[in-house]
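The values are calculated or read from the model by the stated rules, or taken from the named source; none is laboratory data. Fair warning: this is a prediction, and the values are worked out from it, not measured in the lab. Ideal geometry is used to build each Cβ from the backbone, glycine not excepted, and the neighbour counts take in all protein chains shown.
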Amino acid sequence: MVDWQVIIEKHGPAVWQTSYRLLGNHADAADCFQETFVSALEFCRRQRVRNFSALLTRLATARAIDQLRRRFRRSRCETEPADWADLQSANPSPVQRAQQKELTHSLRKSLSKLPSQEAQAFCLRYLNDMSYRQIANELGIKANAAGVLLHRARAKLRESFELSVKECK
Amino acid sequence: MEENENKLEKAIEALKNEQIPPGPPQELADSTLAKLAETAEQTDTVQQKNRILMFEGLRTAKSLTKIAAAAVLLIAAGYATGRLSAPRSPDMEQIRAALEPEIRKNLLDETKQYMQLGLANAYVRIQDELSQQYREDLRRAVLQSVTASNAVTNELLIELIESFNEAQNQDRQRIAAALEQIESNRLRDRDELSNALATFALETEDEFMRTKQDMAQFLSYTQPEQTNRDEIGNSDK
C-alpha cells in the first residue's frame, strides 16, 4: 500500500521544480503536478515501483512536454502566458533577463516539437542531470539507445535554433 | 553551426538556472491528494464492474453448458431410441454402460461449475461486504478519535486560558499591592519631610532670634563707649 501523502511530501518539491522549469508558469505547473501523481498512481497499479524519485521525475517531464505541445499547438502566436510572480522580482539587468527569457522560450518551443522520447531523454539528461543508464532504465531502453536519442535531440534542437535565427533575419 | 551550439548551451543553462518559486503550495498538495483518492475510487468501481461483467459472462456460459448437456442427453436418448427401435434387439446393458460415464461426467462437470460459480460469487460478495464494513469501522474510529482529540484539545485550551487569566489576576494583584506600598511610602516620606522642614524652620527661627538678640546686646554694649569718645573729643576742642 503506497502512502501518497508521504510521497507527495518527499518528492513533491522535485516534481514541482521539474514541471515549473519546463512550463514556466504557475497554472500549467500545477496541472502538470497533479497529472504526474495521477499517472504515478496508475503506474503503481500496473507494476511495482523501485525508485519513486526517478519515476516521478520522468513522469513530470513527460507530462510537462505534453503540456508544452498542447500549448504551442493551441496558440499559434509567439507570446508566452505571463507569470505575474515575475513582476515582483527585482531584476538588476533587464536586458540580460529578456535574452534569457527569449532563449528559454525558444528551447521550450523546440522541445515541444521533438518526439516525446527524445524530448524526455534530453530533459532528463540536461535539466535533471540523470546518467545515461538512469535515463535508459526510466525509458525502458538500452544505454546506447539513450545516447542515440540524446544525439538526435541535440541535432534537432540545433536545427530548430538555426531555423529560428533565419526566421528572425 | 558552432553559434547554434553555443546558443543551445546558453538556452539549456538559462532554463536550468531559471528561478523557480518554492513549491508546491499546500493547497496544490491537498488537491492532488484528493484527486488521487478520487481516481483510486473510480478505478476500483471500474474493476468491480468488470468483475460483474465477467460473472455475467460466466452465467451465460453456464446456460450454454446446460443447453449443451441437454443436447447431449437428447442425442443420447435419440441414439438409444434408434438402437431400441432397430430390428436387432439392442443390448441395454451395453448402451447403459456406454452412456452412463458420459452422462455422469456431464453431470459432474455441471455441478462443479455451479459450485465454482457459487463460491466465486460468495467470495466476491463477502469480500465487498468485509471491505465495506472495514471502511465503515475505520471511518467511525477516525470520527471518534477526532471528536475525542477535539474535546481534549478544547479542555486543554480552556485550562490554558484559565491559567492565563489566573496569572494575569495574580500579576494585577501584585502590581496593585506594589502601587499601594509605593503610595504609602510616598505619603510617609512626605510627612517626614514636612516635619523635618518645620523643625528646621523652627530651629532656624530660634537661632535667628538668638542672633538678633546677641546683635542687639552687642550694639547696646558698644554704643555708650562711642558716645563717651565723642564727648571727650568735643571737650578737648
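Things to note:
- When segment A:106-154 is limited to residues that are facing another protein chain (nearest Cβ under 10 Å), among the hydrophobic types (A, V, I, L, M, F, W, C) and assigned to a helix (DSSP H, G or I), the one that is farthest from the chain's Cα centre (by Cα) turns out to be A:Leu107.
- Selection of first residues in segment A:124-135 that are crowded, with 19+ Cβ neighbours inside 10 Å and of second residues that are part of a helix (DSSP H, G or I) and of a type in the set (Asp, Glu), restricted to Cβ pairs under 7 Å at least 6 apart or on distinct chains, gives the following pairs, ordered by first then second residue: A:Leu124/A:Glu138.
- Considering segment A:1-78, the qualifying helices (runs of 4 or more DSSP H), each wholly inside and each with 2 or more residues that are within 10 Å of chain B (Cβ to nearest Cβ) and touching a residue at least 24 places away in the same chain (Cβ under 8 Å), run over A:4-23, A:26-46.
- Qualifying residue in segment A:89-108 (condition: modelled with pLDDT of 85 or more and more than 15 Å from B:Ala14 (Cα to Cα)): no
- Checked against the criteria, B:Glu56 does not count as under 22 Å from A:Thr36 (Cα atoms) and either out of contact with any Phe, Trp or Tyr (no Cβ under 6 Å at 6 or more places or on another chain) or at pLDDT 75 or above (or both).
- Test for B:Leu28: is it modelled with pLDDT under 85 and at the interface with chain A (Cβ under 10 Å from one of its Cβ atoms): no
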